[in-house]
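These notes concern the structure reproduced below.
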Amino acid sequence: MKSSIRAKKVLQKWSVMLILLAVTAVLSAASGPPKASAPAAKAPAAHAAPAHAAPAQHNNAPAQHAGGNTQRPGGASSNNRGPGGASSNNRGPGGNAANRGTTGANTHTQAGANRPGANGANHGGANASHPQTGAGHGGAGANHNAANAGNHGAAGANAAHHQPAGSKNVSLKGGGSATVRKDGSVRSVDRNGMHIEHGAHGGRTVVGTHNGARVVNTGRHGGYVQRSYVNRGGHSYYSRTYYHNGVYSTGVYRGYYYGGVNYYGYYPGAFYGAGFYGWAYNPWASPIAWGVGAWGWGGAPWYGFYGGWFNPYPVYASPAFWLTDYLIAANLQAAYAAQAEVAAGGEGASNQGGGSDQQSQGTNGGGGGSTQVAMTPEVKQAIADEVKAQLAAQQAQAQSGGAGGGQAPAPASNGEVPPALDPARRTFVVDSDLSVVSNGQECGLTAGDVITRLTDTPDADNMVNASVSASKKSDCGSGQTVAVKVDDLQEMQNHFAEQLSTGLGELAKKQGTSGMPKSPDTKTTASDVPPPPPDTSAAKTLQDQQQAADQTDAQVKQEVAGGGN
């Protein structure tokens, strides 16, 4: 009997212990893991969030698992207040700037326009200690090797980011593809090795190849044909034959290979002596007056139209400022002629930005219309500084005997940086009509507008960010940040250098007249790579490509109107 009682008591004790153990286990499971392990649970967010925003995130912030900059566990920013974040002022888990919710809170925001999104264009994201490389805004992965440096959207979303909102890419039945704006107009076509670009304000550029030559139509009445020329000093040089309204001209361009892309930089056909470059660079003993009459601009339609935007210096303290006004005036003349050609040729603009300068503003009288504002003295000074920089570069080239001396910075690990990406060169004068995208909206720049390059490293679409410093049209106003192809920047730089060479020739003719001080010897010496004679077949080559582009455009427009893919 006593043995039975003892057995019952033991069983009761074991039952109580089992109940206590079960309760303890339930309470432990409900309380969750220790806080120290929370970052591990959130770590995959950098890979999960890009389902809608950043497919290439794996390559952009390799330190994300360890928190980017190692000073702060779980975050890449010095002000990170929560685990797992890659952005400044992050007060909650996940990878979104100023995001107070969970990691996936912004997964439905459009890539490229997502300022608070995961590792997007937040203003202080991962590796923000190098803000100038990530578009000056410190996007995630804003180190010097980031694949999307300068991209305001997430990595891998560049293609969508650089297209206007509402546009779409369609596959063409006969092969190739086209980009169509939301109003149904065709923005670009790629077919049979030919790329056709339609500007926001009208106009068309066509790029193709013919028998190994690069063929570029700019407008309906001009363009150039580029061919391999010579190899010298370890560099490849190319000749260009320009043709416009029946007139041929030639130039030489040095090849650059950088980041897997070929670029072509202008190479002077002749050089002045060191004394002339020094005279052109340094101030005169006293400023000189050079009115509109001396320039010969009085009564010119382009000057009356843009007179309210462009104000020549009242006096010139040095040849560099004289050359600055010369360059600005040359670009405005080109802009006026190009827009007149668009209007005469019936190449109407899309609904994205209105018509040409004359169409949209010509009824407002002189000065280019009421929507224009004057180019600021600061912008003109930036152009003057670029003039002086290029004068110094040409002088260095002349003294080094050519072979590319002074034209570009030191070689990089993946090639030689083209002049357009030289960190010392930031100011660019637009040389022809150019359509760009800012915050999802397409806008048009025209010749004579000025942009400032913000970033040095091209993104996956070979684009860098730039700020609009001066614009004659309100749709692409000053202060907007736009993405620009490096190829377009390089052509701006080429045109600037070409115009500077022409301007130096005019300066040499006019020195010692109309109150301008006399210069030292103005003789020139042919460069080590002088330009060849014009390729007289260029006109026919350009005409053939123009006709092929007309046919392609007609086919694509018909297909798009019929509901293409």
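Each row is one residue, and each column tells you yes or no for (1) out of contact with any Phe, Trp or Tyr (no Cβ under 7 Å at 6 or more places or on another chain); (2) surrounded by fewer than 19 Cβ atoms within 10 Å (Cβ to Cβ).
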position: Asn217; (1), (2): yes, no
position: Gly223; (1), (2): no, no
position: Gln226; (1), (2): no, no
position: Arg232; (1), (2): yes, yes
position: Tyr237; (1), (2): no, no
position: Tyr242; (1), (2): no, no
position: Asn245; (1), (2): yes, yes
position: Ser249; (1), (2): no, yes
position: Val252; (1), (2): no, no
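Mind telling me which of the residues Gly293, Gly298 ends up being assigned to a loop (DSSP other than H, G, I, E, B) and farther than 23 Å from Asp422 by Cα?
Just a single option satisfies the conditions, and that option is Gly298.
For the range 199-217, enumerate the residues that are part of a strand (DSSP E or B) and either of a type in the set (Lys, Arg) or under 30 Å from Gly184 (Cα atoms) (or both).
The answer is Ala200, Gly202, Arg204, Thr205, Val206, Val207, Gly208, Thr209, Arg214, Val215, Val216, Asn217.
From the set of residues in the range 262-284 that are of a type in the set (A, V, I, L, M) and within 34 Å of the chain's Cα centre (by Cα), which is surrounded by the fewest Cβ atoms within 10 Å (Cβ to Cβ)?
Taking the range 262-284 and keeping what is of a type in the set (A, V, I, L, M), we get 270, 274, 280.
If we keep only those that are within 34 Å of the chain's Cα centre (by Cα) too, we end up with 270, 280.
Details: Ala270: 15, Ala280: 26.
That would be Ala270.
Scan the range 467-483 and tell me whether some residue there is closer than 25 Å to Ala392 by Cβ, in contact with a helix residue (DSSP H, G or I) (Cβ under 9 Å, 6 or more places away or on another chain) and surrounded by 21 or more Cβ atoms within 10 Å (Cβ to Cβ).
Within the range 467-483 (the criterion being closer than 25 Å to Ala392 by Cβ, in contact with a helix residue (DSSP H, G or I) (Cβ under 9 Å, 6 or more places away or on another chain) and surrounded by 21 or more Cβ atoms within 10 Å (Cβ to Cβ)), the answer is yes, since at least one residue qualifies.
Kindly indicate which of Pro319, Pro287 is in contact (Cβ under 8 Å) with a residue 60 or more places away in the chain, farther than 30 Å from Val216 by Cα and over 28 Å from the mean Cα position of the chain (by Cα).
It is Pro319.
Out of the range 161-184, which residues are in contact with a Gly (Cβ under 9 Å, 6 or more places away or on another chain) and not charged (D, E, K, R)?
Within the range 161-184, His161, His162, Gln163, Pro164, Ala165, Gly166, Val170, Ser171, Leu172, Ala178, Val180 meet the criteria.
How do the pairs read when you match residues in the range 494-514 that are in contact (Cβ under 8 Å) with a residue 40 or more places away in the chain with residues anywhere that are among the acidic types (Asp, Glu) and part of a helix (DSSP H, G or I), using Cβ under 8 Å and keeping only pairs 6 or more apart or on different chains?
Listed by first residue and then by second, the contacts come to Phe496/Glu386.
With respect to Ser188, determine if the residue is more than 22 Å from Leu445 (Cβ to Cβ), among the polar types (S, T, N, Q), without any contact (Cβ under 8 Å) to a residue 24 or more places away in the chain and in a strand (DSSP E or B).
No: the conditions fail for Ser188.
For the range 525-565, which positions are in contact with a strand residue (DSSP E or B) (Cβ under 6 Å, 6 or more places away or on another chain), closer than 30 Å to Tyr277 by Cα and surrounded by fewer than 18 Cβ atoms within 10 Å (Cβ to Cβ)?
Once the filter is applied, which keeps residues that are in contact with a strand residue (DSSP E or B) (Cβ under 6 Å, 6 or more places away or on another chain), closer than 30 Å to Tyr277 by Cα and surrounded by fewer than 18 Cβ atoms within 10 Å (Cβ to Cβ), the range 525-565 yields Thr525, Ala526, Pro532.
Filter the range 218-235 down to the residues that are in a strand (DSSP E or B) and touching a Gly at 6+ places or on another chain (Cβ under 8 Å), then identify the one that is modelled with the lowest pLDDT.
Among those that are in a strand (DSSP E or B) and touching a Gly at 6+ places or on another chain (Cβ under 8 Å), it is His235.
Is it the case, given these coordinates, that Val342 is assigned to a helix (DSSP H, G or I), under 21 Å from Leu421 (Cα atoms) and at pLDDT 55 or above?
Spelling it out, it is not the case that Val342 is assigned to a helix (DSSP H, G or I), under 21 Å from Leu421 (Cα atoms) and at pLDDT 55 or above.
Take the range 304-339 and flag every residue that is at pLDDT 95 or above, in a helix (DSSP H, G or I) and not hydrophobic (A, V, I, L, M, F, W, C).
Pro319, Thr324, Asp325, Tyr326
Restrict the check to the range 386-402 and report whether at least one residue is touching a Ser or Thr at 6+ places or on another chain (Cβ under 7 Å), at pLDDT 90 or above and within 30 Å of Lys473 (Cβ to Cβ).
Within the range 386-402, one or more residues are touching a Ser or Thr at 6+ places or on another chain (Cβ under 7 Å), at pLDDT 90 or above and within 30 Å of Lys473 (Cβ to Cβ).
I'm told Asn262 meets every condition in (1) free of Cβ contacts under 8 Å to residues at least 40 places away in the same chain; (2) more than 21 Å from His210 (Cα to Cα) except one. Can you identify the failing condition by its number?
(2)
From (1) under 16 Å from Leu327 (Cβ atoms); (2) part of a loop (DSSP other than H, G, I, E, B), pick out the condition that doesn't hold for Ile451.
With (1) under 16 Å from Leu327 (Cβ atoms); (2) part of a loop (DSSP other than H, G, I, E, B) applied to Ile451, the lone miss is (2).
Could you pull out the residue among Ser249, Ser185 that is at pLDDT 95 or above, more than 22 Å from the chain's Cα centre (by Cα) and not charged (D, E, K, R)?
Among Ser249, Ser185, only Ser249 is at pLDDT 95 or above, more than 22 Å from the chain's Cα centre (by Cα) and not charged (D, E, K, R).
Have a look at Ala157, Ala178 and point out the one that is modelled with pLDDT under 90 and surrounded by 19 or more Cβ atoms within 10 Å (Cβ to Cβ).
Ala157
The values are calculated or read from the model by the stated rules, or taken from the named source; none is laboratory data. Fair warning: this is a prediction, and the values are worked out from it, not measured in the lab. We place every Cβ from the backbone using ideal geometry, glycine too, and count neighbours over all the protein chains shown.
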